[in-house]
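The values are calculated or read from the model by the stated rules, or taken from the named source; none is laboratory data. In this text, all values refer to a predicted model and were calculated from it rather than measured experimentally. Reconstructed Cβ throughout: ideal geometry from the backbone, glycine too, with neighbour counts over all protein chains shown. Just so you know, the surface numbers come from the protein's heavy atoms only, side chains and all, with ligands and any DNA or RNA stripped out. Shrake-Rupley method; radii C 1.70, N 1.55, O 1.52, S 1.80 Å.
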Amino acid sequence: MTIRSLLPGRIGFGTAPLGNMFRAIPDEEATATVQAAWDQGIRYFDTAPLYGAGLAEIRLGDVLAGKPRGEYVLSTKVGRVVLDEVEDPTSRQLGEKGALFEHGRPNRIVNDYSAEATLRSVEDSLKRLRTDRLDIVWVHDIAQDFYGDGWLSMYESARTGAFRALTRLREEGVIKAWGIGVNKVEPLEMTLDLDEPRPDAFLLAGRYTLLDHSRALQRLLPAAAERDVDIVVGGPYSSGILAGGNHYEYAEAPAGIVEKVSRIKALAQEHGIGIKSAALQFVLAHPAVAAAIPGATRPSRIAEDLGALTENVPYAFWKALRDQKIIAHDAPVPVREAS
């Protein structure tokens, strides 16, 4: 089964910002943002225990608890168990991501990809989300950016633990699908080469965007499409730099990226379109991509995202991106040149 039959549309809502990523967000603002997504028709919501040590799940659950469960699709992640113990959020070891959620809850987070921890994580998430079931579960961050040279051992722990546990849950009908959610392509390429177990989909953040797509385009996306493993793209705005922000890869954007974004913005203005439209529509143009899940912390952003989905972007704009070698010559674009 592909998850396209599960997903209610091509755009969902990513809740990492609701875990107080980068800044402390008032509860009222978080609630209003989730409500705005619901009011404007979004019905796929993605979250994770890592986001603020359960804060994003709690905030999402507080809103969705009042909605009919059969009307939305919900995904969360495993690999991190949130404990009742307290720790200093600024001292957490998050690899390249540093103190990403230093404004989140102070609960201690333990990295554990075993089968037992996977089942515990699912149970804990159900409680925080105030729901009786999950639709999709992603195995979270088994990659270099969080574990450095030790990432392969974490991957192996997940392969023999979380992968098998989630396969059983899927077979038993407890969840509808499972996959891997990472910021790197290598773990996904490795998984496609396995005979068993077989994931239903991948959540890939930041590696298929206007700013970074060549590696995924070459092998991962064609191989995933060949095996009917759908791709959900997280971070289509590259941590915010493609949506007017200053962050790229969860940190202050380097000069080279700022310069590249300036070139894209200039071309977007020249063709009378928004840069968000370019970013979102580029991601969704690849046939292997089932959906994108931009994050937001302000209600107004939801309307912007939905508008970006439908704005008419002329072929001349995509041709200009190719001519300037901003996008790969063989990267699919939403429209073809008129014949």
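Observations, loosely collected:
- Tallying residues that are over 22 Å from residue 74 (Cβ atoms) and either open to solvent by 10 Å² or more (accessible area, probe 1.4 Å) or touching a Cys at 6+ places or on another chain (Cβ under 6 Å) (or both) within the range 169-191 yields 4.
- Hey, residue 221 out of contact with any strand residue (DSSP E or B) (no Cβ under 8 Å at 6 or more places or on another chain) and crowded, with 24+ Cβ neighbours inside 10 Å or not: no
- Residue 34 meets each of the listed conditions (1) modelled with pLDDT under 95; (2) in contact with a Leu (Cβ under 8 Å, 6 or more places away or on another chain); (3) in a helix (DSSP H, G or I) apart from (1).
- Of all residues in the range 307-315, none are open to solvent by less than 40 Å² (accessible area, probe 1.4 Å) and of a type in the set (D, E, K, R).
- Candidate set from the range 230-268 (those that are assigned to a loop (DSSP other than H, G, I, E, B) and under 30 Å from residue 176 (Cβ atoms)); member that is modelled with the lowest pLDDT: 250
- Cβ separations smaller than 6 Å between residues 6+ apart or across chains give the following pairs from the range 272-296 residues that are in contact (Cβ under 8 Å) with a residue 12 or more places away in the chain and open to solvent by less than 10 Å² (accessible area, probe 1.4 Å) to residues that are of a type in the set (Asp, Glu) and assigned to a helix (DSSP H, G or I): 294/305.
- Candidates 92, 80, 59 - the one that is in contact (Cβ under 8 Å) with a residue 24 or more places away in the chain and surrounded by fewer than 24 Cβ atoms within 10 Å (Cβ to Cβ): 80
- Among the residues of the range 288-328, those identified as aromatic (Phe, Trp, Tyr) and under 22 Å from residue 244 (Cβ atoms) are 317, 318.
- Residue match in the range 99-109 (condition: over 24 Å from residue 21 (Cα atoms) and in a loop (DSSP other than H, G, I, E, B)): no
- Of residues in the range 105-159 being charged (D, E, K, R) and closer than 12 Å to residue 80 by Cβ, the one surrounded by the most Cβ atoms within 10 Å (Cβ to Cβ): 141
- Among (1) of a type in the set (A, V, I, L, M); (2) under 22 Å from the mean Cα position of the chain (by Cα); (3) assigned to a helix (DSSP H, G or I), the one test that residue 333 misses: (3)
- Candidate set from the range 319-339 (those that are in contact (Cβ under 8 Å) with a residue 24 or more places away in the chain and not aliphatic (A, V, I, L, M)); member that is nearest to residue 60 (Cα to Cα): 334
- Residue, surrounded by the fewest Cβ atoms within 10 Å (Cβ to Cβ), within the range 3-25, restricted to residues that are hydrophobic (A, V, I, L, M, F, W, C) and closer than 16 Å to residue 134 by Cβ: 6
- Test: residue in the range 154-166 that is part of a loop (DSSP other than H, G, I, E, B), of a type in the set (Gly, Ala, Ser) and at pLDDT 95 or above: yes
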